[in-house]
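Have a look at the structure that comes next, please.
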Amino acid sequence: MARVLAIGAYSDEDRAALQGDLGARMLAGLDAISALSVPERAEVEAMAYKGHAALDGAVMDLLPNLRLIANFGVGYDAINVGDATARGIRVTNTPDVLNDDVADLAVALLLAESRRMVAADIWTRAGNWPQGEFPLARKMSGRRIGVLGLGRIGREIADRLAAFKAEIHYFARSEKPTPGWQWHADPVALAAAVDDLVIAVVGGPETAGLVSAEVIAALGPDGILVNISRGSVVDEAALLDALEQGRLRGAGLDVFVNEPRIDPRFLALSNVTLLPHVGSATHETRAAMGALQRQNILALLGDEPLVTPVN
Ligand code: 8YV
C-alpha cells in the first residue's frame, strides 16, 4: 500500500527517489488510476504529477483521501486548481529552479531564427558551401524586443536580452520597477512597438489566444515570434497562416497546442525552429525540479508547511 502515487515518465534518479524515499507507487498516466482497487485508491494522500493531460475533479474524486498534487513543472495549467481547492487538495509546483534553462532556450531560439542557424546547418550538410555563400540573415543584437509576461522567467529572458543591447519592451498586468524598459498595457501595443516578441506568460484559460491574429499582424513581416510558455497562448492557426504567407519572418517554438502531435503544417515551413518542449530539459534542472517536487510531498506527509504552494 502506498501513500504516494507518482504519475508520469520520470528519470531513473527520480523514480528511485520516489520509490525509495517516499514509497511511491508508479503509474504511467492518469488513466491507470481507475484500474487501482478502492482500498488502494483510499491509501493515497499525495500525488506526484508529471504530465500535461488534464487533471480535474473527476480524477481527484477517484482518490478520496488525496491531500496534495505536487506538479513536476512551474506551469500547472493542466491541473484544475479550483477543483482541487474545492476538495481541500493542495497544489504545489516547481518555480525558479528552471528559470535559467528556459530563459537560455528562449534567447537561443531567437538567435537561431534571426541567424537562420538550423537552415544554415542543413545547407552546409547538403554540401552547398563550395557553390557559394549562405544567404544573409538578420542581426539580433540591438533590436527592439518585446517580452510578453514579465514574471520570473520573463525577467530572466529580458535580463539576457539586455546584454544583447536590446531595447526591452514588455507586457504585464502592471508596470514593474525596471528603469529603461518600456511597459505596454496590452499585447497589440507591445507587438506594434517591437521587432521581435518572446512569449513568457503563464498558460491556462486567462491567457488562451492572447497572441491573436491582431498581435501577429502588429508584429509584422520582419518580426520573429518565440514561444517557451504554452501553445495555448497563441492562435496557432493565425500563426501558421502568417508564416506560410510571409506575413511573419519566422518563429522559434518550444511549445504547441497539440503536443506532442503538432500541426503538420509546421513541418513544411523553413522559417521556423521547432523544439519538442525542452525548455527545462537539462540533467541539472530536471534533478532540481524532481527534488522540489519530493520536498513538497515530504512536507505534506510530515505536516510541515509546503515549500512552493500554489493554492
Ligand atoms: C514540464 C514545463 O514540466 O515547468 C513547466 O511548466 O512546461 C516543463 O518544465 C516538463 O516538460 C515536464 O513535464
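Give the residues of segment 30-43 that are polar (S, T, N, Q) and under 31 Å from the mean Cα position of the chain (by Cα), sorted by residue number.
S34
Determine, yes or no, whether V198 is of a type outside the set (S, T, Y), under 30 Å from A54 (Cβ atoms) and part of a strand (DSSP E or B).
Spelling it out, V198 is indeed of a type outside the set (S, T, Y), under 30 Å from A54 (Cβ atoms) and part of a strand (DSSP E or B).
If you don't mind, there's one more thing I want to ask. Being within 30 Å of H169 (Cα to Cα) and exposed (fewer than 13 other Cβ atoms within 10 Å of the Cβ) is the filter here; which residues of segment 122-153 pass it?
P135, L136, K139, S141, G142
Take the residues in segment 187-212 that are free of Cβ contacts under 8 Å to residues at least 40 places away in the same chain and more than 21 Å from the chain's Cα centre (by Cα), then tell me which one is nearest to H277 (Cα to Cα).
Among those that are free of Cβ contacts under 8 Å to residues at least 40 places away in the same chain and more than 21 Å from the chain's Cα centre (by Cα), it is V188.
Moving on. Would a scan of segment 120-130 turn up a residue that is modelled with pLDDT of 95 or more, assigned by TED's automatic domain parsing to the domain that holds G290, of a type in the set (G, A, S) and not in a helix (DSSP H, G or I)?
The answer is no, given that none of the residues of segment 120-130 is modelled with pLDDT of 95 or more, assigned by TED's automatic domain parsing to the domain that holds G290, of a type in the set (G, A, S) and not in a helix (DSSP H, G or I).
Are any residues in segment 280-289 of a type outside the set (K, R), touching a Ser or Thr at 6+ places or on another chain (Cβ under 9 Å) and within 30 Å of F266 (Cβ to Cβ), and if so, which ones?
Hits for segment 280-289 are S280, H283, M289.
So which residues in segment 262-290 are surrounded by fewer than 16 Cβ atoms within 10 Å (Cβ to Cβ), small (G, A, S) and over 21 Å from L110 (Cβ atoms)?
A268, A287, listed by residue number.
Exactly one condition in (1) assigned to a helix (DSSP H, G or I); (2) within 27 Å of V198 (Cβ to Cβ) is not met by P95; state its number.
(1)
Within 30 Å of A53 (Cα to Cα) and either within 15 Å of the chain's Cα centre (by Cα) or surrounded by fewer than 16 Cβ atoms within 10 Å (Cβ to Cβ) (or both), is that true of E156?
Yes.
Given the criterion within 25 Å of V255 (Cα to Cα), in contact (Cβ under 8 Å) with a residue 24 or more places away in the chain and surrounded by 12 or more Cβ atoms within 10 Å (Cβ to Cβ), identify the matching residue among I33, I79.
Only one candidate qualifies: I79.
Given the residues L267, L240, L248, which is the only one that is out of contact with any Pro (no Cβ under 6 Å at 6 or more places or on another chain), closer than 21 Å to D196 by Cβ and in a helix (DSSP H, G or I)?
Every option except L240 fails the conditions.
Checking the condition away from the ligand (no atom under 16 Å from the Cβ) and either in contact with a His (Cβ under 6 Å, 6 or more places away or on another chain) or touching a residue at least 40 places away in the same chain (Cβ under 8 Å) (or both), which residue from R115, R41, R90, R25 passes?
R90
Against the condition under 30 Å from A191 (Cα atoms), within 16 Å of the ligand (Cβ to nearest atom) and either in contact with a Cys (Cβ under 7 Å, 6 or more places away or on another chain) or polar (S, T, N, Q) (or both), how does S232 come out, does it pass?
Yes: the conditions hold for S232.
Taking segment 44-61 as the search range and keeping residues that are within 16 Å of the ligand (Cβ to nearest atom) and not in a loop (DSSP other than H, G, I, E, B), which one is farthest from the chain's Cα centre (by Cα)?
M47
Let me ask something else about it. Which is under 30 Å from T207 (Cα atoms) and either aromatic (F, W, Y) or in a loop (DSSP other than H, G, I, E, B) (or both), of A2, A9, A84?
Of the residues listed, the single one that is under 30 Å from T207 (Cα atoms) and either aromatic (F, W, Y) or in a loop (DSSP other than H, G, I, E, B) (or both) is A9.
The values are calculated or read from the model by the stated rules, or taken from the named source; none is laboratory data. Because the structure is predicted, anything quoted here is derived from the model rather than measured. Positions of Cβ are generated from backbone atoms using ideal geometry, with glycine treated the same way; all protein chains shown enter the neighbour counts.
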